[in-house]
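What follows is one structure encoded as structure tokens, with my remarks underneath.
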Amino acid sequence: MTAVRAVPATTATGWRGPDGAPLHADTSCTLTDGVRRWPVVENIPWLRPDRDDLREQAVAALDAGEPDLAAVTLLADSDDWWDGPAPPADQLRAALRASTLRDAVELLGLGRVGVYFLHRWSDPSWLAALALTAAHPPNGRPVVDVACGTGHLLRHLVMHGHRDLTGVDVVFAKLWLARRFVLPPDAPVALVCADLTAAWPLPPQAAPRHVACHDALYFLPDKAAVVAAALACAGPDGAVLLGHLHNAQHPAGTTGLPLPPASWAALLPGANAYAEEELTAATAAGRLPAPADPAALIGTEAVGLARDAGDAPADAALLRPAPASPLRPNPLYTDGVRRWPDQRWAAEYGDRAAAYLPERWPTDLGPDAVRRRLLLDLPERW
């Protein structure tokens with residue numbers, strides 16, 4: 001019995017390949033540009049360039065009626081920054097039958113990245129992403145979340161009633177986790193595995209878009225090209241949000257390929273700039289963030305930028321889980337004591353997370369339990 005499910009088609013159509021060529025379906029699980037064929041597993045097109053062997057292996061597995069083998073082939077792939085070994089095939093097959101996000105993350109061998117995804121709902125950069133989004137919301141425009149990871153922001157927007165969303169990431173395993181465990185089963189979200197350094201996979205669209213990229217741009221070498229593509233994707237009346245841009249002048253901002261604040265701001269002229277610490281504090285306090293003068297950003301760990309040509313009104317509701325969302329105690333608490341998931345997470349997030357997560361579970365949660373992340377809107381199968 002196959003563990004790969006038949007997933008209803010999402011709203012996105014007209015995918016484009018890495019060279020910009022339009023794609024069309026030649027079978028129920030492959031796309032083609034007339035020359036090359038591309039695999040589609042659980043309604044996630046895999047469109048990475050320069051990996052022809054992997055592409056052909058996955059297509060051959062699908063042609064042979066072996067979707068599990070195609071999934072295992074793609075789940076073993078990673079981005080160029082990952083330094084861990086791929087898990088053995090039998091372990092990846094076991095991941096296809098995992099019952100929780102935690103089990104799947106472990107079986108996929110995601111290591112420190114997996115810890116980040118499991119506890120994203122608690123970390124300061126997530127609170128910062130919420131504040132940036134609330135200050136500059138989609139306001140009915142289609143959403144494109146690039147480097148979307150396992151779909152935290154997409155899920156949050158779906159739960160708040162937003163529709164027509166697309167998530168793009170270069171790692172299939174992250175998108176697979178989003179589809180299986182993070183997004184609601186009927187979420188109107190299209191997912192596509194593609195490399196942002198190639199042609200973007202989305203079809204042209206006359207209507208403006210809301211394009212977001214959080215906690216990822218500092219990894220990419222040609223940042224200007226990615227920002228230019230985001231602006232083109234958003235359109236003249238769209239929005240571009242760039243979150244958690246590591247500050248090369250801050251001791252905590254050395255990961256990846258960071259820039260100083262002025263260089264980040266120069267990539268998105270006319271954008272509102274925010275200090276990461278202000279964004280995080282705003283969400284924890286339940287208020288909208290205050291923009292900063294770019295010259296005053298020297299001391300921030302990371303910069304947030306937002307350029308919204310449509311000037312959408314702020315939506316403070318996006319600081320919190322949707323009203324109907326079921327809430328659960330933060331799993332960072334065990335026997336009433338806060339425990340960081342590991343030393344790496346503690347070193348990166350602990351000091352700032354301690355500002356809103358007390359060391360001990362309070363005897364009286366009070367009205368601020370949700371905004372302080374004591375109670376979380378976790379996926380059902382977290």
Go ahead and run the numbers for FRET between Glu56 and Ala206, Cβ-Cβ distance against an R0 of 41 Å, rounding to 0.05. 0.70
Expressed as a percent, the accessible surface of segment 178-258 that is carbon or sulfur, using a 1.4 Å probe and the full set of protein chains, is 61 percent
Proximal charge balance of Gly286 [Cβ under 10 Å; K/R count +1, D/E count -1]: +3
Give me the percent of the accessible area of segment 261-378 that comes from carbon and sulfur atoms, probe 1.4 Å, all protein chains in place. 52 percent
Using a simple spin-label model with points 7 Å from Cα along the Cα→Cβ vector, what separation in nm is obtained for Ser99 and Ala347? 3.6 nm
Per residue, how much accessible surface does the chain expose to a 1.4 Å probe? Answer in Å², no decimals. 41 Å²
Estimated FRET transfer efficiency (Glu66, Trp382; beta-carbon r; R0 35 Å; 0.05): 0.70
DSSP beta bridges in the chain, what fraction antiparallel, as a percent rounded to 5? 55 percent
Measuring from the longest principal axis of the C-alpha atoms of the chain, the long axis of helix 52-63 (C-alpha) lies at a number of degrees, nearest 10, equal to 70 degrees
Taking the Cα atoms only, what angle lies between the long axis of helix 223-234 and the longest principal axis of the chain, rounded to 10 degrees? 80 degrees
Using the Kirkwood radius built from alpha carbon pairs, what does the Stokes-Einstein equation give as D for segment 308-382 at 25 °C and 0.890 mPa s, in µm² per second? 172 µm²/s
Please compute the alpha carbon radius of gyration of the chain, then divide it by the globular-protein estimate 2.2 N^0.38 Å. Two decimals is fine. 0.96
Which residues' amide hydrogens lie under 5 Å from the amide hydrogen of Asp26, considering only partners 5 or more residues apart or on another chain, with H built in the peptide plane? Leu31, Thr32
14 Å beta-carbon shell around Pro221, net charge (K/R +1, D/E -1): -3
Within the under-10-Å Cβ sphere about Asp103, not counting Asp103, Lys/Arg +1 and Asp/Glu -1 give a net charge of +2
What percent do you get for the relative contact order of the chain when only Cα pairs under 8 Å and 6+ apart count? 17 percent
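The values are calculated or read from the model by the stated rules, or taken from the named source; none is laboratory data. This is a predicted model, so every value here is computed, not measured. Every residue, glycine as well, gets a Cβ built from its backbone with ideal geometry; the counts of neighbours run over all protein chains shown. Surface areas here come from the heavy atoms of the whole protein model, side chains and all, with no ligands, DNA or RNA. Shrake-Rupley method; radii C 1.70, N 1.55, O 1.52, S 1.80 Å.
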